[in-house]
Amino acid sequence: MKNIIVKQRVLFIILSLFVFGNFSACKKSSGDATGGRDTYLSCKINGTLHEFNYHVNANDKPATDTVHFVVIGGWEKQDMVTGFGIDMQIDKGAREATYVSNSASGLLLSGKYYIQNMKDGKIISTTVFNGGDLDGSNFTMTITSLTKWGVKGTFSGKLRLLGGDESVTVTDGKFSAPYN
């Protein structure tokens with residue numbers, strides 16, 4: 001049952017990033033991959049720098065002063081084959097603080113690194129490394145700024161292959177993502 005819930009969350013993140021990415025792409029007036037210098041998402045995965053600066057954005061602007069969802073994502077290239085996403089749900093409302101997966105009731109936090117597996121130009125499957133809601137994984141996010149513009153912060157963790165034993169280590173993660 002837990003595996004089904006994790007797969008549903010992964011699908012939600014991937015679909016959210018696709019939808020948010022398409023909306024943000026429509027808003028851009030230039031071909032700038034990052035949407036500006038204040039927009040970025042990067043980290044080291046097993047010591048190698050990855051920049052997910054295409055279509056970086058956060059969820060829709062919150063309708064109230066209490067922010068219960070923080071969703072951030074971006075793609076490594078315009079082809080949208082590899083990406084990284086962060087998903088946080090918090091009952092009490094997000095604020096500028098450090099959050100650790102599974103450390104408090106009412107907090108769901110995960111980071112996902114995913115690769116679309118292609119064959120003949122079509123997606124045939126997705127390899128997902130998940131940190132935060134899989135046994136043997138962890139994920140930490142620090143929100144350093146939460147404003148009407150969007151969200152900024154840092155992240156790290158150990159992400160495990162969904163359905164496998166392989167894992168990757170994420171370090172030096174940082175993001176600056178405007179609301180969609």
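Side notes on the structure shown:
- Any hit, the stretch 60-68, residues being modelled with pLDDT of 95 or more and out of contact with any Leu (no Cβ under 9 Å at 6 or more places or on another chain): no
- Residue match in the stretch 167-176 (condition: open to solvent by 30 Å² or more (accessible area, probe 1.4 Å) and outside any strand (DSSP E or B)): no
- Of all residues in the stretch 121-166 being small (Gly, Ala, Ser) and free of Cβ contacts under 8 Å to residues at least 24 places away in the same chain, the one that is most open to solvent (accessible area, probe 1.4 Å): 121
- Any hit, the stretch 101-108, residues being under 17 Å from residue 178 (Cα atoms) and not in a strand (DSSP E or B): no
- The single residue among 123, 115 that is over 16 Å from residue 72 (Cα atoms), at pLDDT below 95 and part of a strand (DSSP E or B) turns out to be 123.
- As a summary of the residue check, residue 97 satisfies the conditions (1) under 16 Å from the mean Cα position of the chain (by Cα); (2) at pLDDT 90 or above; (3) open to solvent by 10 Å² or more (accessible area, probe 1.4 Å); (4) among the hydrophobic types (A, V, I, L, M, F, W, C) except for the one numbered (1).
- Verdict on residue 91 being open to solvent by 20 Å² or more (accessible area, probe 1.4 Å) and more than 24 Å from residue 44 (Cα to Cα): yes
The values are calculated or read from the model by the stated rules, or taken from the named source; none is laboratory data. None of these values were measured; they are calculated from a predicted model. Cβ atoms come from the backbone with ideal geometry, glycine included; neighbour counts cover every protein chain shown. Just so you know, the surface numbers come from the protein's heavy atoms only, side chains and all, with ligands and any DNA or RNA stripped out. Shrake-Rupley method; radii C 1.70, N 1.55, O 1.52, S 1.80 Å.
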